[in-house]
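Heads up: the structure comes next, in structure tokens.
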Amino acid sequence: EHGLRKREIKFEDDAIRLLIESYTREAGVRNLERQIANVCRKVARDISSKTSKSVTVTPDKIYDYLGPIKFHSEMAERASQPGVVVGLAWTAFGGDILFIEATKMPGEKGFQLTGQLGEVMQESAQAALSYIRANSDALGLSANYYQNHDIHLHVPAGSVPKDGPSAGVTMATALASLFSQKPVKPDVGMTGEITLRGQVLPVGGIKEKVLAAHRAGLTTV
């Protein structure tokens, strides 16, 4: 389509992978096709202007041809500190990971939620906190821990509204991690609603969530 002969262009596997992970975000492959076409046009221009006879497209050349990457993986911001847990979410583009962060400060039993959370997720957070407080002995937590602290639960990417019944277990784990000061394994992702009795309820979108986990480099869901 762009007047190139087979010998004039070759894509390295890493370059294709970079295109998929950092320049497209969709359920299909139409945008991937467009980005490959963009690269082919730039290569055809170089060859027609006699600057090169053939081009091997490497990841570095992708940056040169297409500019800064458009989609960043949040795994780069992953922290293995207590109170941070990787959750899995269904999105219109398939699945994605999200981080749930909990922190504490001196105070008197305050509980704050931020990150543009819908009503369902806010209720999940309240249920998660109640479960952790009710089972502090079984979890090896100090019984009066909550009495002397304010808790803040945050889901980053605040500009994106988030809702749905699948973050309860992730929120409960973030709070348990914060209270016990034990970090959660950074290669584990989780999804599921939690009840006051600690049962994890089934949720949908598992295929998309597992694909998102795989894409992000998680090993356990």
When ARG25 is evaluated against the numbered criteria (1) in a strand (DSSP E or B); (2) touching a residue at least 60 places away in the same chain (Cβ under 8 Å); (3) surrounded by fewer than 18 Cβ atoms within 10 Å (Cβ to Cβ), which criterion, by number, is the only one it fails?
-> (1)
Options SER136, SER142, SER166: the member that is within 14 Å of LEU196 (Cα to Cα) and of a type in the set (Ser, Thr, Tyr) = SER136
Hey, does the range 179-201 have a residue that's at pLDDT below 85, assigned to a helix (DSSP H, G or I) and open to solvent by 30 Å² or more (accessible area, probe 1.4 Å)?
-> no
Hey, ILE132 farther than 17 Å from SER80 by Cα and assigned to a strand (DSSP E or B) or not = no
Residues satisfying the stated conditions in the range 57-75, i.e. open to solvent by less than 50 Å² (accessible area, probe 1.4 Å) and hydroxyl-bearing (Ser, Thr, Tyr) | THR58, TYR65
May I ask you to say which residue of ALA37, ALA92 is among the small types (Gly, Ala, Ser), closer than 30 Å to PRO202 by Cβ and in contact (Cβ under 8 Å) with a residue 24 or more places away in the chain?
-> ALA92
Assess whether TYR131 counts as being surrounded by 13 or more Cβ atoms within 10 Å (Cβ to Cβ) and at pLDDT 90 or above.
-> yes
In the range 1-29, anything of a type in the set (Asp, Glu) and over 14 Å from ILE69 (Cβ atoms) is listed as GLU1, GLU8, GLU12, ASP13, GLU26
Is it true that SER80 is modelled with pLDDT under 85 and surrounded by fewer than 12 Cβ atoms within 10 Å (Cβ to Cβ)?
-> yes
Looking across the range 30-56 at residues that are within 19 Å of PHE71 (Cα to Cα) and open to solvent by 100 Å² or more (accessible area, probe 1.4 Å), the single one that is modelled with the lowest pLDDT is ARG30
Identify, by number, the condition in (1) under 27 Å from PHE71 (Cβ atoms); (2) open to solvent by 40 Å² or more (accessible area, probe 1.4 Å) that LYS109 doesn't meet.
-> (1)
Can we say SER124 is open to solvent by less than 30 Å² (accessible area, probe 1.4 Å) and within 22 Å of ARG25 (Cβ to Cβ)?
-> no
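The values are calculated or read from the model by the stated rules, or taken from the named source; none is laboratory data. Treat the numbers as computed from the prediction; the structure is a model and nothing was measured. No Cβ is skipped: glycine too gets one built from the backbone with ideal geometry, and neighbour counts run over all protein chains shown. Side chains included, ligands, DNA and RNA excluded: accessible areas come from the protein's heavy atoms. Shrake-Rupley method; radii C 1.70, N 1.55, O 1.52, S 1.80 Å.
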